[in-house]
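These notes are about the structure you will find just below.
The values are calculated or read from the model by the stated rules, or taken from the named source; none is laboratory data. Predicted model only: the values in this text are computed from it and were never measured. Every residue, glycine among them, receives a Cβ derived from its backbone with ideal geometry; neighbour counts consider all protein chains shown.
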């Protein structure tokens, strides 16, 4: 018997070595091949597994540029998933930096505490914001520790941006929405592979912020996304707001060609030309292709999702508003909300336009309303805006509170309320929130140097994701750690079971109903209420109603 043990020692050593290697450098088998990841530590010194830069689609280069993505080809050997893949080519409007990245950028990242195939952990897939113009799934800003400590599987993704992701030539080869189809392909990858990372393929929550939230709500109405996820969280954005929809996309493509030196009205000729243009010359072309009208109306976001003119594999073939009104959205649990000072982020840009705005207040009116009313009605609406927000007087650069309030309502709050109301008419479970926290974690407000109280657009991200900006604060400040742990528990509990729970005694987050419009204030004290920002929402709702557009049709409050 002793001889028998010694006889098998080499085999035992080999298996032990392989086991220890897996613990320090885990290897996972997925459908396309093997992946090598890393073992990382959470704040409590427990471990989690990190797999970065996993390719989910083929490089969309050459003749694949601007087209729907193709699934990644299987590989031989072990793919090293220890570093992020390249970011997609982009211009960061916050840092004013050009990041050439690479067109070969269809990568995703997976973070998990378990590699047990039967662990069945809730899965959360984050879709980053950035005006459909910049951003990535990298842990520079989207570190996983705050969320993964609640024992969920987190996935973050890249998708093509601006011209690369949203050029539309109105031809079958380039019908638009390539960036949205990237997201669909990433969700298909998650559905097919997440069990290997301890995730439950039947309990997937997609969540996103700003353009990412608009994307989330697009997936609620797209036939391509059906069956790929089970819950959704939309933070500060919807697919029904002007900045998330483009019009006259083919004309924009032709203007792009002209900017780059090719004057053509032939879409096939335009495609051949644009596929030959150097990558760096296609970055930051939104501003160069804007019309005079667009320079003064709305946000500078125009390479964004579009209604496609061809039914074959279309991500979107009808207007989002029409689909919602017709009840053609998914009936899945939705958590949706906004920050109480969303518009703060746009105040500096807006203050520079105040002279023009005061002369022509109708320039505030959203494009969707503008295109549906007469010129006289447009002027009347402009006067009503000045009357509502500053008693008919001119806006001034010192009174940033009023400007912030207008921008918040115009670009975020009213659209989110109207979307939520119309989605809830056909959905069984909706939770609405207003995020009001104002602490050292409100990074974007801090960068802008505002003394205004409240949470700016995107400030909530620093309560959900770890980064070099907030890790030390979280570790060293017990009060902020408690805040982050509560906020992330709301998000992860919703992902786990569709029921966001609070540690605050006596406070319950009641589901939203079309009559009560219930919501939760997320701040130091937490409180529930009905119809957040009612007066402002009703003002904008009346304008949308008078223009014959989607609106809140009744209120019993």
Test: residue in segment 458-468 that is part of a helix (DSSP H, G or I) and out of contact with any helix residue (DSSP H, G or I) (no Cβ under 9 Å at 6 or more places or on another chain): no
Of the criteria (1) out of contact with any strand residue (DSSP E or B) (no Cβ under 8 Å at 6 or more places or on another chain); (2) surrounded by 13 or more Cβ atoms within 10 Å (Cβ to Cβ); (3) more than 20 Å from residue 165 (Cα to Cα), which one residue 265 fails: (2)
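Do you know which residues across segment 102-118 are surrounded by fewer than 20 Cβ atoms within 10 Å (Cβ to Cβ), touching a strand residue (DSSP E or B) at 6+ places or on another chain (Cβ under 9 Å) and within 25 Å of residue 147 (Cβ to Cβ)?
Of the residues in segment 102-118, the ones surrounded by fewer than 20 Cβ atoms within 10 Å (Cβ to Cβ) are 102-104, 114-118.
Still in the list and also touching a strand residue (DSSP E or B) at 6+ places or on another chain (Cβ under 9 Å): 104, 114-115.
Those that are surrounded by fewer than 20 Cβ atoms within 10 Å (Cβ to Cβ), touching a strand residue (DSSP E or B) at 6+ places or on another chain (Cβ under 9 Å) and within 25 Å of residue 147 (Cβ to Cβ): 114, 115.
Scanning for something under 30 Å from residue 120 (Cα atoms), out of contact with any strand residue (DSSP E or B) (no Cβ under 6 Å at 6 or more places or on another chain) and not in a helix (DSSP H, G or I), does segment 541-551 turn up at least one residue?
Taking segment 541-551 first, the residues under 30 Å from residue 120 (Cα atoms) are none.
Scanning segment 541-551 turns up no residue that is under 30 Å from residue 120 (Cα atoms), out of contact with any strand residue (DSSP E or B) (no Cβ under 6 Å at 6 or more places or on another chain) and not in a helix (DSSP H, G or I).
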Residue in segment 424-446 that is nearest to the chain's Cα centre (by Cα), counting only those that are free of Cβ contacts under 8 Å to residues at least 60 places away in the same chain and part of a helix (DSSP H, G or I): 443
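Take the residues in segment 207-237 that are assigned to a strand (DSSP E or B) and within 9 Å of the chain's Cα centre (by Cα); name whichever of them is farthest from residue 407 (Cα to Cα).
Filtering segment 207-237 for residues assigned to a strand (DSSP E or B) gives 207-209, 231-235.
Then keep just the ones that are within 9 Å of the chain's Cα centre (by Cα); that gives 207-209, 234-235.
On the way: 207: 24, 208: 21, 209: 17, 234: 19, 235: 17 Å.
Among them, the one singled out is 207.
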Lone unmet requirement of (1) farther than 15 Å from residue 133 by Cβ; (2) loosely packed, with under 14 Cβ neighbours inside 10 Å; (3) in contact with a helix residue (DSSP H, G or I) (Cβ under 6 Å, 6 or more places away or on another chain) for residue 288: (1)
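Looking at 250, 275, 245 in this structure, which one is at pLDDT 95 or above, more than 23 Å from the chain's Cα centre (by Cα) and within 25 Å of residue 318 (Cα to Cα)?
Details: 275 fails: within 25 Å of residue 318 (Cα to Cα); 245 fails: more than 23 Å from the chain's Cα centre (by Cα).
Only one candidate passes the filter, namely 250.
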Hits in segment 143-168 (condition: buried (at least 23 other Cβ atoms within 10 Å of the Cβ) and either part of a loop (DSSP other than H, G, I, E, B) or without any contact (Cβ under 8 Å) to a residue 40 or more places away in the chain (or both)): 144, 152, 158, 159, 160, 161, 167, 168
Residues of segment 87-100 that turn out to be crowded, with 19+ Cβ neighbours inside 10 Å and in a loop (DSSP other than H, G, I, E, B), as a count: 3
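Kindly indicate which of 332, 369 is under 30 Å from residue 227 (Cα atoms) and either part of a helix (DSSP H, G or I) or in contact (Cβ under 8 Å) with a residue 12 or more places away in the chain (or both). Steps first, please.
Values: 369 fails: under 30 Å from residue 227 (Cα atoms).
332 is the lone residue from the list that is under 30 Å from residue 227 (Cα atoms) and either part of a helix (DSSP H, G or I) or in contact (Cβ under 8 Å) with a residue 12 or more places away in the chain (or both).
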Conditions (1) in contact with a helix residue (DSSP H, G or I) (Cβ under 9 Å, 6 or more places away or on another chain); (2) modelled with pLDDT of 95 or more; (3) surrounded by 14 or more Cβ atoms within 10 Å (Cβ to Cβ): number failed by residue 351: (2)
Check on residue 256, surrounded by 15 or more Cβ atoms within 10 Å (Cβ to Cβ), in contact with a helix residue (DSSP H, G or I) (Cβ under 6 Å, 6 or more places away or on another chain) and not in a loop (DSSP other than H, G, I, E, B): yes
From the options 395, 381, 388, residue that is in contact with a helix residue (DSSP H, G or I) (Cβ under 9 Å, 6 or more places away or on another chain), buried (at least 22 other Cβ atoms within 10 Å of the Cβ) and either touching a residue at least 12 places away in the same chain (Cβ under 8 Å) or over 24 Å from residue 290 (Cα atoms) (or both): 395
Segment 204-244, residues that are out of contact with any helix residue (DSSP H, G or I) (no Cβ under 7 Å at 6 or more places or on another chain) and surrounded by fewer than 24 Cβ atoms within 10 Å (Cβ to Cβ): 223, 226, 227, 230
